[in-house]
Structures are given as structure tokens and as C-alpha cells.
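To start, the structure under review is shown below, and the notes come after it.
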Amino acid sequence: MRSRIKPVKQSVVSHYILMSLIAFLCLSAQLVLGESAQHEEADLPITPIQVGSPERIEVSPSEFTFSGPRDHLQLVVTGHYANGEIADLTRAATLNFSSQGIAEAGERSAIKPLANGETNVTVSVGDCTTSMSLQVTNQKSKEPVSFYYEALPALSKAGCAAGGCHGAPHGKGEFRLSLWGFDPVSDQHTIINEEFGRRVNLIEPEKSLLLAKPRNDVAHEGGLRLRDSDIEHEVLVNWIRSGCHVEKKPPRCTGILLTPGKDLALKRPHHTQQFRVVAMFDDGSCKDITHLASYESSDEKICRVSRHGLAVGMGRGEAAVIVRYLEYIQSTIVSFVEDVPDLTWETETPANYVDELIYAKLEKFKYLPSGLSGDSEFFRRIHLDLTGLLPTPVEVSDFLDSSIPDKRSKLIDKLLETEEFTLFWTQKWGDVLKLSARQMGHGGVVKFHRWIRDSVASNQPYDEFAKEILLATGSNLIKPTSNFYRSGSDTSDIMESTAQLFLGTRIGCAKCHNHPYEPWTQDSYYGLSAFFNRIETRKTGRKGEIVVWMNDEGDVRHPATDEIVEPWVPGSYQLDLDPELDRRKAFVEWLTGKENPFFAKVEVNRIWAQLMGRGIVEPFDDLRDTNPAANQPLLDALTADFVEHDFNRKHIIRTIVNSRTYQASSKTNQWNKNDYRYFSRYYPRRLTAEQLVDALSDLTGIRENFASVPPGIRATQLPAPDLKIHDREKIGDIEFLKVFGMPERQTVCECERGDDSSLGQALELFNGKTLHGMLSDQNNRFHLAHKEKQTADAILSDLYLRAFSREPNDKEKKIAVDYFNSAKDKGRALEDIVWVAINRDEFLFQY
Amino acid sequence: MVVASLITPLLLHAAQPVSFKADLAPILLNQCQSCHGPKKSKGGYRVDTFERAMEVGFDELHYRMVTDEEDEIMPPDADPLPAEQIALFMRWQKEGETFDGVDPRASLAEIIPGLKHPDPPSQYSRAIPVTAVAFAHGDQSILTSGYHEMLVWAAKDGQLQRRISGLPERIHSIDIHPDGKQLAVAGGSPGRSGEVRVIDLSDGSLVQLLHKSDDLCLSAKFNHAGTRLATCGTDGSVRVFDSETWQEVVTFTNHSNWVNDLAWSADGNRIVTGSKDSTAKVFDLTTNTRISTYTGHDGGIYSVIFDETGEHVLSACSKGKVLYWRTESGQAVKELANQSESIYRIAALGSAEHFIFSGAMPSVEMIDLQSGKKGKEFTSTCNNLSLAVSNDSRRILTGDSKGGLRLVDIESGELLTRFTAAP
């Protein structure tokens, strides 16, 4: 086995690198996702279709007209069974033509035209038949390949125009295409004329650099992206051969339609679905463009879609099949279910609607939920989730010994009223509201933090919380929420932050081009901005003070047309805009209205993610059709509940943590070990940086002190990461926090909090300064206990109760005590024992 | 495919030993050099010379071509090398791993033997962009770039007189030696190879093959005395050759991107180069040093020319500007033109005072140097890629991206001849 040392980067990042990383993550995450190469069917696990005995079969479309020599038609054949199941039988169908020479069938039940005329097509699968009729016209047409509707989509389908390749803002290798072809005029110039036309060879089209590079015949950093057998290659060769013809006034494409268009469920052995895509034009015509569309799946673990539009199930679950053509994007959700014969379905008794809805979905996909967590695990977990801190040994013992029947729900009620809960959940808001001294000044941070704290403590309804922030006016020293408007550098920033926080949408992409995954266009982006562009901020003479106020004029102009853009909200609601009024008021009224489809949903999803480690929609600030929820009914129910209870956040938290779903064990069973999405168990996750520092402090008894806050404030309660430059020798080590992913609060993106493991983290836990300091400090808990002549047993018991909320078992006791007894330097032996405990997953993770 | 055309004949004569320079160098160049070359050297490994390619040893090279390890197979993002190509490497090793080039430090592009260019098609299915034009035979003939050939047309009526083949796929520059006997052609096959060919004008025979590169050569110009030939191209280098011995006199690699054009001063002591890196540089050939760099352009420079005294340079760029600056210092003097479209060519109109330029705009524009104002304008078609002034300075010739040629009288502005430069 050849060894290979791969350098691992330290996760300590400088400001600049972090900014580009964040920008890349947030703005390009979706773009990068979209550039996975189209799947070849040879690479997908397609088992032969088992036809069985369908009652009848259906073919779509039932009639079709070919209107040119290059037209394609993809049939979709569906089998209907007596038990109500359906299956896609497209690949198992045989086609017979009543008139010869008019059209021919290719692979995959795709049909090509041959000559003008009419024919009937009999479709048969097994004993079932049905038929459809074909008309073929215009086969002698010399119309050249369409640049807009054939050549450009071919480049998108081949992946050339993807965001990680030539569709990137500066392209690659000095070749820049518009992202997914949204700018045909620019692309035309780039491909045909740029650099003296070197990219196309009009006399020997196959030799064109445009094709030779993706074929990897000529050195191409992007590797092999095109084969000469691909349809994209054929289209582009023909287009170049036509002299790179660009049509003058083409009809405009108005949208695409998918077949199947409604969500569907497939049950094994049926695990494939052929899709068909039709493009519609404003002259009333339509074309089957199944062969030219680009296909992706929202979740490659569950479903992959081939370049020919065949969705293939990879595992149990559901995924969105996403189809893209030009600027249009459509998706259909496909569920893949399976019978699991040895499984007896048994669950805990649902505690509330959360469990009912979760179990219903789990049963559909046969992910048997894990049983309830033990008291130890639950106790530790709920403390970490609600207060951010580990419980004390006395608290643990009391809880474990208690025999009160509803002790868990009583515990929850109690924790929700603690100061620790308030401060910990205030910090979560601080993360996404970008509370940082760099943005808002020390005074701004402190005041804003205090305001949020009061809001959380009083369980202020979420709609009022949002209103107070968004409508803030005046001095930030008097009105703390005015500081929100300092957290962005300009109107765009504020609007994008607002959209991501409160609408759960990453609209930022649409600033420069149409959003790659959503129907947001540049018009949407600037329309939304129109609510925010009259906000002005000014510094005053006082140190650290700014004033926020609303101008009563000023408009947003579209960067391309320079026309004034009217304020717009998603859903194209017509809002009544009194020109005298603060436009923000109109926006906020729409935002916090009970019918608003985003506002409540985003918050319940956010709370769910904060408790369960993963949103029902994930990432949880990225709600879109092409990113389906893991459990839509649950999301809807939580949303309705939230609205009904007047946006009461504690109510939602309480509902979630009382459910059996939240309280489930984190252990897998043989049925659910592949589930990472449907919440069949509690998914373990590493303690956050702040939780880790506090846990280490509590364990060792050595408190970290942080600058500019009262002593006793914990890491999980810090108002901001940068209140003062920290003196590393004297006070709490911020570097440790950063290594473990504490966010810098440059953006509203939750993705700022790093949860990757890194070499830096491993080193910190091995013998980092912070840890070493705590372990070797002679005044730490263990050294003191040892000096007071406590027994090894007692010390060990205390350690385990603190670290793991349980007593050590016999084996653990024996190992530790033997080690202690045989050691010469008892102090060091204790340090070793504690070090081992800290480096266990049982300490580093919550589960 | 370049590699195939070289490999196939050799495979038929399996008795012949494998030649590193003819058989293996093209594979390394085409399949490996984009990630393991001077621009990008992944893993710190380069293949662009024999010495570098062999640094890791044959075993490692071979291992990477055949391994099953997904993260070690090369090339990483494509199909593995075809079995025949790997077999060539193996046979070469068995036969002693001999290097049959002259210099193990020369670049692969340089050692691959001069490619024989395919014959041009007898008729063109499409007119191709005219990227180079020149007057010849006392302004009686017009030379245009063709597809693997140069075409000779009668100036008075646009009749095709002669076709000179054996030339690179695309020709970006045609320059006739002052004695009228030889000419230098710069060009190549985009992304694949480049060269400068000096040929005898009377019979089209090859005199010398120079400046071999892995992508196009863009310009080759004789000095006014005819003693030197300067060449430049996409590899960013500028080379000067003695036109008797064809020895390389000096090479400059100061530019960081393609060098699109160069020009000689009248006394032959200086050349100025214009590059895609948005700078122009002046080199003194008596000392072989760079004497100035002009950084006033904010786009790639397509064309450069000295004024009559050689004390100033006019440079034209992709942002539509013609800028006038001092040779010695690189200091700007004034802006002579500010178009909204790219300018591709600038040429002197005989007298010291007038210059013309053409580019993506549908006209050829004249500049009056004294007044700095625009002079006459000659309507033309869009996208003129090439421009030439007749030796008697009375006519101008433009070639466009659709294969169109226009010969215009300067005095009257009359269109004298017009044709499509495609057989």
C-alpha cells in the first residue's frame, strides 16, 4: 500500500481567507452542487425492470407531431397494477409502427422521425398494449441548429456553464460562459468571436477547441466532460458546421413541463422512473427536449438521475428530481419505498403530533425508530441543548434516582426558565444577527445583546421580535435594535441578510444573475431591495453612535435597464404602498402576517435544527422547491402550531423536546442505520466550541475568563467573539474556540459555524495549551481532591458524573483505579485519567 | 488527433524503436502537461521537459498510468491512457529508455518533430475568419490567411491566383522580407501547437521552422534591413532570430500572458511588444534588455507600432483605446482614440502623421497624429481582424471574421475590390 501524506490545513483562518471561504460556501454551495457530471447509466445500479402482471399500461404522450428533422420524442410508459401500485415500464416496452419508414424507435423508448407522414405506434409490455399516434412533418427543413434552444442548452448539459467551471464569475482558463446560459448574447460573442475565433473550427467542426477540450483530446484542466457519442457533442458539431448560426428573432421559451409532474412513490423492485421534458414557446409551439435538459437530484444518496432523464433509486427515502433547461427549473419529488420482510413495526407511544408525523414517514420508508434514550443520556443532552452546560453530579444523581413519573417534562419546564437558557439561546441569535464588536462597536454589541436577552427571557413573540429589529429607527445607543443596520455594509447586504434570516432564502445569488436553483430573477432581487434602499445610517459626534432613519425618497434602479424597480415580495403580492410611509412597515407587515409562507416556517425549522442537529429542511436557511423538506407535514404542523400560539418560541421548544423523537436514543438498529435525514433516532453531534470550553471548565474546575464581560460569564454566554483583543497569557483562549468552529459573525449564514474535524482540533485535544493548562493546574478539581485525600473511587465517580452524567461501570473503575494505584506520581496519573475521559467521544459529543 | 496521427504510422512499423520525441512526448504534452507543466505543477511534478518528466523514475510514471487506486491513477478526471499508448512506454523502457532529442531540457513542444501539415480542403464548406492579410508583388497581389494554406489573389479583381499549402491550420501574421523573396508566417492549431514558418514566396518551400510552441504563434516580423526576424505568441515569449543563420539571438519572457503583436523601430535597434497582460514593453536589442513597460491600458493590447522617429509608440487594445506614449520611459503622452469596441490592428499610413486602425467596429478609422483628432472614416463590415496598407500607401486592405476582403482607395474612399477569401 503506497503511503501518501496529504497535507491537512489548520483550521485557524485569517479574516481574508474566512471571508472568501464564507462567500464561496454561501454563494456557491448550490452552484457547486449543480456541477456534478451527468450520470452515465452504466454507472448507476439499475436492475432489470420486473414487469410482473400489470392490469393495464399507459403511454404519455398519446399523440405527438414532429416538426423538424432533429426533433426527439421520449415516451413514458406506466404500468398500473391490481394492488394500486404503479411502475415505470418505459425501458421494458416494445414499440411497433403501423407505417414503415416514418419514424423509428431508439433505445429507452425514444423515437426519432424519418420521413413525413403519419403512423400509429403500438406500445407493448408483456401482455398489455396501448397505442399512440405520430405525425411527422417538415423533415426536409434545412433549418440550422438553434443556438438558443439547442446549442446553449447542450453546453449547460455538458456542464460547461456550471458555476464551478466556465460559468464562474471569471470563468476558467480565460473562457467565461454565462451561468447556465442566462446571457446568450454574451455567450455568442465568447464562443464565436473571442480571440479571433479560435474556439470554433468552421471547416472541421470536430476539431474545434470548444469540443476538443472537453473530449480531453487537448489538455483540459476540467478533464473529460464530453464524449463524441453524447447528444451534446452532436448538437454542437452540427451547430458549428452550420457556420455558428444564431437565429435573429427566435420565439421565446416560456417554461418547461415535466412528465411525471406530480410527486410519486415507487416501490421496489420498481426503482426507476423515466422523465420526459417539454419546452413551451410563446408562439404556441412546444418541443420535447428530454435529451437536452440537465438532470440532478436533491440527494444523491437516495436518488440519482441519468443524463437521459432516468431517475434511479439508491436508497429508501425521497428526493427531488431537478430538471433544468435554459433559465427554467422544475422538480418532482420521488419516494423510494421497500418492503422489509423481517421487520415488525413497533414504536414508542407518540407523545404529541411531532411523533405521529415522524413515525408516519418513518413507517413509509421502513426506518424503524430507535427506542427511548436512557435517563443519563437524556439528562446530559437536554442540558446541553437548553442551557449549553453540563449538569453537576448532584443534579445527575437526583435525576437518576427520582421516580416521579413525568420527571423529564418537569425538568424541561424548569430548564426553560433558567438564566442559562436565556443566555445560551441569546447567543444563538447573536450568531446570526452578526453581533460583533467589529461591526457594531463595543457599546452596540452590549446593548443589542441585552435587548435580545430580555426578549428571550420574556419569551417575546417572534413576530414582535422581528418587527422591533427590522423597524428600528434612531440612535443605536437608545434603540439597541438599530444596531441591526450596522451589521451590513450596504442595502444589498441588509436585504440579503434579512432574506436569509427571515425568509430562509439565499437570494444573494440573484444579485448578478438569475438564481441557479430558484425562480428568483434579478428583478426579484432588486424588487426586494426596494424596501430597504431608503434606510440611511449616519454617524453622530458621539463615540460609537450611529443613527438609523428612513429617507422618504430614493429608488432602486435595475442595473441592466436602469429603470426604477418597484418594491416586490415573493409570491408577487400586491402591497399597498403609501409613498409617505416607511416602506419597511409594508414589508414587515407582509413578513409577519399569519399567511406568510416563509416567516413562521423558517423559525420553527431553525429551532428544530438547533435541537435536533439538522433541520427538517437542511440547510435550514435554504428553503426552496429543489431542496425538499425531510417531512413536509411535520414542518407544516409545527408552523401552524407556532402561528396559532402567537409565535411563542418556548412553546415550540417545549413541544419538540417533549416528543419521543427528540428523546430517542442515538443508537441505531439494523433498520435505521442508514437514516441520516428522517429523524429515526437522535443524531449525535460534537459539542460546539463554546459548549466544549465550558464543559472542560466544569470538568476541571478551572474557569475560563473572557475579556470585557463580568467574571462568571461562560463561553456559551458570550455576547460576541471579539469584545476585546484577548491577552493569550492572561485570559480565556479565543484561539481554542476558533479552532473548534466558533463563527466570526461576518455573515448571517449558519454555515459559518464550522463543524468539520480538523488536525488543529485533534492537536488541541492531545496537548493543546488550553487543555494542558487546565489539567496541570494544581488548583484544579482533581489535584485539590487528591490533596484532600479523597479516594480514587470518589474522584472517578465525580469525574464520570460530570463528564458523562453517569457512574463508571466496573470495568472502567478497575482500569482507572489500577492505573492510579500503580502510578508513582499520583497527580500525573489523575491528569492522565481525566485526559482519557476528555478524549472520548462520549465527552466530546452529545448523543 | 495529433497523437493518433503520429502514433499510427509508427505502430505499423513495430520493428522501429520507440522514439521519445516523436511517440511519447506528444502523449505527455497532450494528456499531462496542463496539470504538470510550467503554469501548474500538481504535486510539484512537471513533464514539460524530458529531464523533468523522468525525475520520478520510469516505474512511478508507469505505475500512475496503470494503478487501480482511484486517487492515484493519472489522468485523474478522464479515461486512463489507451493500452497502446501505455505499451509504447513499456517498449521504450525495454529498449533502454533512450532520449533521442538533442537537449533533455528543451520543452516537449520544441522537440516534437515538425508536424507535416495536412492538405487544405479543395473547397471551403464555410468562409473562415481572415486573420492575416498582406500586399505582395508590388501591390499586385493580396495574400490572405486560409485553412492550412495561404491564398494569393489578384488585387484588381479578387481572382484566386495561387494556393500555398503546407502551412499551419491558422495564420495570424504574414510578413514579407524586405527583399520580397521570403515571407514569415506565424500561426498554429489553437490549443495544440504553434510555429513560425519562413517560406520561399516563389515556390512555397520551407526555409526554416522556428518558435515551436504548444499553442499559436501570433506575430513574426522582419526588421527593415531584413537581418532579423522577431516572433511572439501565446507562450508569452518574444524571440529574435538571425535571418541568415536562423540562430536564436535572444529570447524575452517578460510578459505574463500572450504576446499578441510586436513592431520594429526603423533603425532595427528596438522592438515593442503588446500583450494580453495589458502591458506593452520596449526592448533594446543592442543590449538585450527591456527599457520600458507601458501600463496605461486596462485591457489586452492587440497591436503596437512605433512612430516614424521611434520615440513614441502607438498601442491599441481590447477596450477600444489607442494610446500614445514615450518609448524610453513608458510615459503616457495622449489618448488618440477611445472606441466602444476592441481594436485589433493599427498601421502606419506612409506619412509620419497618419495612422489607421480597425477592429470590432464597422469602420476603419484614421488618426491624425498632430491634432490627435480622428480623421477620415472608411465604412466597412463588422469585425475586421486583419489590416494592411499597400506599399505605395494608397490603398488599405481589411479582412473580417466572415471571410470578407475589402480593398479601399484612401484618397477617394472608394471600394476598389471586394471578395470572399475562400476557394
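Since every read-out is calculated from the coordinates, none of them should be taken as a lab result. Because the structure is predicted, anything quoted here is derived from the model rather than measured. Here the Cβ positions follow ideal geometry from the backbone for every residue, glycine too, while neighbour counts run over all protein chains shown.
Taking chain A as the reference, fit the longest principal axis to its C-alpha atoms, fit the long axis of helix A:231-241 to the helix C-alpha atoms, and give the angle between the two in degrees, 0 to 90, nearest 10.
So the helix axis and the longest Cα principal axis differ by about 50 degrees.
Work out the length of the dipole vector of the protein assembly as shown about its Cα centre, built from +1 on the beta-carbon of each Lys and Arg and -1 on the beta-carbon of each Asp and Glu, and round it to the nearest 20 debye. Mind dumping the intermediate values first?
Details: 140 positive and 175 negative charges, 281 e Å.
Value, rounded to 20: 1340 debye.
Could you please rank B:150, A:314, placing first whichever residue has the fewest other Cβ atoms within 10 Å of its Cβ?
On the way: B:150 27, A:314 17.
Fewest-to-most Cβ neighbours within 10 Å comes out as A:314, B:150.
Work from the charge dipole of the protein assembly as shown (Cβ charges, +1 for Lys and Arg, -1 for Asp and Glu, about the Cα centre) and give the residue of A:823, B:130, A:340 farthest towards its positive end.
Farthest towards the positive pole: A:823.
May I ask you to list the lysines whose Cα is less than 19 Å away from that of residue A:826, ignoring any residue fewer than eight positions away on the same chain?
Of all the lysines, those that pass the test against residue A:826 - Cα under 19 Å, at least 8 places apart if same chain - are A:787, A:789, A:813, A:814.
Compute the angle between helix A:353-365 and the longest alpha-carbon principal axis of chain A, please, reported from 0 to 90 degrees and rounded to the nearest 10.
50
If I build a Gaussian network model for chain B, linking alpha-carbon pairs within less than 10 angstrom, which residue out of B:230, B:78, B:220 has the largest mean-square fluctuation?
Its mean-square fluctuation being the largest, the pick is B:78.
What aspartates and glutamates sit close enough to residue A:407 to cross-link, taking a C-alpha to C-alpha distance under 13 Å and skipping anything fewer than 8 places away on the same chain?
A:375, A:395, A:398
Please identify, among B:132, B:83, B:186, the residue showing maximal mean-square fluctuation in a Gaussian network model of chain B using a 10 angstrom Cα cutoff.
In the Gaussian network model the winner is B:83.
When a footprinting reagent is the concern and you count Cβ atoms within 10 Å, what order do A:714, A:660 take, fewest first?
Values: A:714 24, A:660 21.
Ordered from fewest to most neighbouring Cβ atoms within 10 Å, A:714, A:660 come out as A:660, A:714.
Which FRET efficiency value, to the nearest 0.05, is calculated for residue A:221 and residue A:403 with the Förster distance at 60 angstrom and r the Cβ-Cβ distance?
On the way: r = 67 Å, r/R0 = 1.12.
Once the sixth-power term is evaluated, E becomes 0.35.
Where is the GNM fluctuation largest for chain B (alpha-carbon springs, 10 angstrom cutoff): B:321, B:21, B:373?
Looking only at B:321, B:21, B:373, the largest GNM fluctuation is found for B:373.
How large is the translational diffusion coefficient of segment A:650-720 in µm² per second when you combine the Kirkwood radius over alpha carbon pairs with Stokes-Einstein at 4 °C and 1.567 mPa s? Could you put the intermediate results ahead of the total?
On the way: Rh = 15.1 Å.
The estimated diffusion coefficient comes to 86 µm²/s.
Can you pull the one-decimal nm distance between simple spin-label points at residue B:205 and residue A:767, each 7 Å off the Cα toward Cβ?
7.9
Going by average Cβ density within 10 Å per residue, which order do the peptides A:299-307, A:420-428 take, highest to lowest? Spell out each step's value before the answer.
Values: A:299-307: 20.2, A:420-428: 21.9.
The packing order, highest mean first, is A:420-428, A:299-307.
To the nearest 20 Debye, how big is the dipole of segment A:318-421 about its Cα centre, given +1 on the beta carbon of each Lys and Arg and -1 on that of each Asp and Glu? Don't skip to the end; give the middle numbers.
Working: 10 positive and 21 negative charges, 57 e Å.
So the magnitude is around 280 debye.
Please go through the residue pairs A:410/A:467; B:116/B:281; B:40/B:319; A:479/A:543; A:428/A:738; A:366/A:594 and name each one whose alpha carbons sit more than 24 Å apart in this structure.
A:410/A:467; B:116/B:281; B:40/B:319; A:366/A:594
Evaluate segment A:334-411: find the radius of gyration of its Cα atoms, find its Kirkwood radius, and give the ratio Rg to Rh. Walk me through the numbers before you get to the answer.
On the way: Rg = 16.7 Å, Rh = 15.2 Å.
Rounded to two decimals, Rg/Rh equals 1.10.
Any idea what angle helix A:437-457 forms with the longest principal axis of chain A, computed on alpha-carbon atoms, 0 to 90 degrees, nearest 10?
Once rounded, one gets 80 degrees.
Can you pick out the pairs among A:112/A:142; A:601/A:667; A:157/A:301; B:321/B:402; B:42/B:212 whose Cα atoms lie more than 27 Å from each other? Walk me through the numbers before you get to the answer.
On the way: A:112/A:142 17 Å; A:601/A:667 29 Å; A:157/A:301 22 Å; B:321/B:402 24 Å; B:42/B:212 25 Å.
Correct reply: A:601/A:667.
For A:407, B:94, what's the fewest-to-most ordering of other Cβ within 10 Å of each Cβ?
By the 10 Å Cβ count, ascending, the order reads B:94, A:407.
Label segment A:179-313 by shape, choosing from rounded, prolate and oblate, from the square roots a ≥ b ≥ c of the eigenvalues of the Cα gyration tensor; if a/c is under 1.5 it is rounded, and otherwise prolate applies when a/b is larger than b/c, oblate when it is not.
Details: a/c = 2.61, a/b = 1.50, b/c = 1.75.
It is oblate, given that a/c is not under 1.5 and a/b is not larger than b/c.
Beyond 60 Å, what percent of the Cα pairs of the protein assembly as shown remain? Spell out each step's value before the answer.
On the way: 228057 of 805815 pairs.
Tail of the P(r) past 60 Å holds 28 percent of the pairs.
Looking at the square roots a ≥ b ≥ c of the eigenvalues of the Cα gyration tensor of segment A:27-182, which shape do they give, rounded for a/c under 1.5, prolate if a/b is larger than b/c, or oblate?
Details: a/c = 3.27, a/b = 1.48, b/c = 2.21.
Since a/c reaches 1.5 but b/c is at least a/b, the shape of segment A:27-182 is classed as oblate.
Specify which residue in the list A:78, A:315, B:371 is farthest towards the positive end of the charge dipole of the protein assembly as shown, using unit charges on the beta carbon of Lys, Arg (+1) and Asp, Glu (-1), about the Cα centre.
B:371
Residue A:360 to residue A:81: FRET efficiency via 1/(1 + (r/R0)^6), r the Cβ-Cβ distance, R0 30 Å, to the nearest 0.05?
Working: r = 23 Å, r/R0 = 0.78.
So, using R0 = 30 Å, E works out to roughly 0.80.
Please figure out what share of the DSSP beta bridges in the protein assembly as shown is antiparallel and state it in percent, rounded to the nearest 5.
Details: 175 of 184 bridges.
Here the antiparallel bridges make up roughly 95 percent for the protein assembly as shown.
Residues of segment A:337-356 with amide nitrogen under 20 Å from the 7 Å Cα-to-Cβ point of residue A:268?
Output list for this probe position: A:337-346.
Can you bin segment A:279-329 into rounded, prolate or oblate? Criterion: square roots of the alpha carbon gyration tensor eigenvalues sorted a ≥ b ≥ c, rounded for a/c under 1.5, prolate for a/b above b/c, oblate for the rest. The partial results should precede the final answer.
Details: a/c = 3.33, a/b = 2.61, b/c = 1.27.
Cα axes put segment A:279-329 in the prolate bin.
Can you tell which of A:780, A:237, A:455 lies farthest toward the positive end of the dipole of the protein assembly as shown, using +1 and -1 charges on the Cβ of basic and acidic side chains (Lys, Arg; Asp, Glu)?
A:780
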